[in-house]
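Data first, discussion second: the structure below is written as structure tokens.
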There are 2 protein chains.
Amino acid sequence: MKIGDAANAAGLPVKTVRYYADIDLVAPPRADNGYRDYDAADVKRLSFVGRSRAFGFSVAECRRLLTLYDDDSRASADVKAIAEEHLAALDQKMAELATLRAELSAIAKECKGDAGARCPIIDHLAGA
Amino acid sequence: MKIGDAANAAGLPVKTVRYYADIDLVAPPRADNGYRDYDAADVKRLSFVGRSRAFGFSVAECRRLLTLYDDDSRASADVKAIAEEHLAALDQKMAELATLRAELSAIAKECKGDAGARCPIIDHLAGA
DNA sequence: CTATTCTTTCCAGTTACTGGAAGGTCAAGA
DNA sequence: TCTTGACCTTCCAGTAACTGGAAAGAATAG
């Protein structure tokens, strides 16, 4: 199966699939003509990565997950650990954004937002 | 004032200050010896950028904000527009993260996280 | 006068692709 | 058979915003 078909089946751009091959994430063998030769298992792995990425896992995390995916005798605890690690990271990021949002919102509220030059937002950013 | 002192006064790493000079964000003149020569206004601008970055504004947004900061006759509406644009972006990102978090959390809950191989997380990622 | 601390430039790496150029391969149609 | 077009290949560059490090010149303290 050529890269175009594999990418199509996995719902990923060809460029991305090629990239995953370059970084040895999902690296199929080559056919005689030099073309990458994907099989059904490769497509499954590509789809797996695609879904993992959609959940916000980094490529490094995808690599670990893929290893566990391939390992029939993994402990589900190992998978869950990665997931919870990721959940914690999501929580932290959300908390950071919420703080930022709240502070910026409070400052923005003070600004009239008219044609006048006086601007509490600028003042705050300037350290007033 | 040399870059080290300016960076110190602005609370930024020297590397970052040099980077800002490279991209013409805060670009001081050069002294005879070739050293960048910062004055008090430059330090203020650096601090301004530092605070803006801390609020999550991109460097591109900082550039716009800096222009407005420098313009005594700006309309506060222009500043507020950037701030609200940024608030909207923050809201969107937070919503995305919240969705991700909820979905992943729901899936993770199904996983026992023990020594067994059966793992609903993997199953979900595999598209089951 | 020297040792240390600055400063300079430039190159590379980070994350996860994405776009584009130049060129090889293959299947179908005239 | 020839050609056209769709596909494949590699490699280079760019994205965002730095950060680390190397090599070399400048300044300063003792």
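Here, each number is a calculation from the coordinates, and none is a lab measurement. This one's a predicted model, so the numbers in the text were calculated from it and none came from an experiment. Cβ coordinates were reconstructed from backbone atoms using ideal geometry, including for glycine residues, and neighbour counts include every protein chain displayed.
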Within the stretch B:61-97, which residues are more than 7 Å from chain A (Cβ to nearest Cβ) and of a type in the set (Gly, Ala, Ser)? B:Ala81, B:Ala88, B:Ala89, B:Ala95
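Restricting to the stretch A:6-18, name every residue that is more than 6 Å from DNA strand D (Cβ to nearest atom) and either within 12 Å of A:Arg36 (Cβ to Cβ) or small (Gly, Ala, Ser) (or both). Steps first, please.
First pass over the stretch A:6-18, keeping only residues more than 6 Å from DNA strand D (Cβ to nearest atom): A:6-13, A:15-17.
Of everything in the stretch A:6-18, those that are more than 6 Å from DNA strand D (Cβ to nearest atom) and either within 12 Å of A:Arg36 (Cβ to Cβ) or small (Gly, Ala, Ser) (or both) turn out to be A:Ala6, A:Ala7, A:Ala9, A:Ala10, A:Gly11, A:Val17.
Restricting to the stretch A:26-50, count the residues that are within 12 Å of DNA strand C (Cβ to nearest atom) and within 14 Å of another protein chain (Cβ to nearest Cβ).
Going through the stretch A:26-50, the residues within 12 Å of DNA strand C (Cβ to nearest atom) turn out to be A:26, A:30-35, A:37, A:46, A:49-50.
When the remaining residues are screened for being within 14 Å of another protein chain (Cβ to nearest Cβ), the result is A:26, A:46, A:49-50.
Selection size over the stretch A:26-50: 4.
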Tell me, which residue of the stretch A:115-126 that is in contact (Cβ under 8 Å) with a residue 12 or more places away in the chain and more than 7 Å from chain B (Cβ to nearest Cβ) is nearest to the chain's Cα centre (by Cα)? A:His124
Residue count, the stretch A:98-114 (criterion: at the interface with chain B (Cβ under 7 Å from one of its Cβ atoms) and surrounded by 17 or more Cβ atoms within 10 Å (Cβ to Cβ)): 6
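Taking the stated definitions as given, is A:Arg53 within 14 Å of A:Thr16 (Cβ to Cβ), without any contact (Cβ under 8 Å) to a residue 12 or more places away in the chain and within 16 Å of DNA strand D (Cβ to nearest atom)? Outline the logic, then answer.
Numbers: within 14 Å of A:Thr16 (Cβ to Cβ): yes; without any contact (Cβ under 8 Å) to a residue 12 or more places away in the chain: yes; within 16 Å of DNA strand D (Cβ to nearest atom): yes.
Taking the combined requirement at face value, the residue satisfies it.
Buried (at least 19 other Cβ atoms within 10 Å of the Cβ) and within 14 Å of DNA strand D (Cβ to nearest atom): is that true of A:Leu65 in this structure? Can you show your working first?
Values: buried (at least 19 other Cβ atoms within 10 Å of the Cβ): yes; within 14 Å of DNA strand D (Cβ to nearest atom): no.
Spelling it out, it is not the case that A:Leu65 is buried (at least 19 other Cβ atoms within 10 Å of the Cβ) and within 14 Å of DNA strand D (Cβ to nearest atom).
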